Amino acid sequence: MVEELLLKVIMILLITPAARAPECAQALEAATSEVIHVASTLRQAGAQLRANEYLAVIVDQSLVEAEPDESELVLGHAGTAIPVYVNFAISGIERVVRELRSTLYRRKREDVVARQSAEQSLRNELKDSLTALLLSSEMALAVPELPAVAATRMRAVQELAQELRNKLGISR
């Protein structure tokens, strides 16, 4: 599974019938170091979205305006790809590159915040359970005439709970 993730290529899909699409794709590839696929129609885009996973989907607004229902259907296959809407009639390639970079930066920042929030939430959730486990093991170890085998196992449980608390960065 890890090997699959390492081999997974991050791609961006550019959907536009504009004549300068290949030139724009080259500029995007040079600016982001990502593989850029180009689809000149929504039908082609739908096929590519079903076949591949994309980080972002750059959509020509003229297609959205001309075929709103089909574009909505096609973008339904985008999964977690970030949609970036660009008006190629008035936007230069440099602007498209800036828009994509800005969107990717924002996405990275949102991912970091979401990850930190999830980690904190998990820590908070486990904190009470770990405290209860440590207190219960201490109380069990304090029982008079506790068989040696049980005491050894309780100490092992206590050490594991302590180790888990340390790994999670939960203070006493």
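How about segment 57-69: which of its residues are closer than 14 Å to THR16 by Cα and either assigned to a helix (DSSP H, G or I) or under 26 Å from the mean Cα position of the chain (by Cα) (or both)?
VAL57, ILE58, VAL59, ASP60, GLN61, SER62, LEU63, VAL64, GLU65, ALA66
Considering only residues that are part of a helix (DSSP H, G or I) and touching a helix residue (DSSP H, G or I) at 6+ places or on another chain (Cβ under 8 Å), which ones fall in segment 128-156?
If the condition is that a residue be part of a helix (DSSP H, G or I) and touching a helix residue (DSSP H, G or I) at 6+ places or on another chain (Cβ under 8 Å), then LEU130, LEU133, LEU134, SER137, GLU138, ALA140, LEU141, ALA150, ALA151, MET154, ARG155 are the ones that fit.
Of the numbered conditions (1) part of a loop (DSSP other than H, G, I, E, B); (2) over 19 Å from GLU53 (Cα atoms), SER102 fails exactly one; give the number of that condition.
Failing condition for SER102: (1).
All but one of (1) assigned to a helix (DSSP H, G or I); (2) modelled with pLDDT of 90 or more; (3) farther than 25 Å from ALA31 by Cβ hold for SER121; state the number of the condition that does not hold.
Condition not satisfied by SER121: (2).
The values are calculated or read from the model by the stated rules, or taken from the named source; none is laboratory data. All values derive from a computational prediction rather than experimental measurement. Counting neighbours? That spans all protein chains shown, and the Cβs are built from the backbone with ideal geometry, glycine included.
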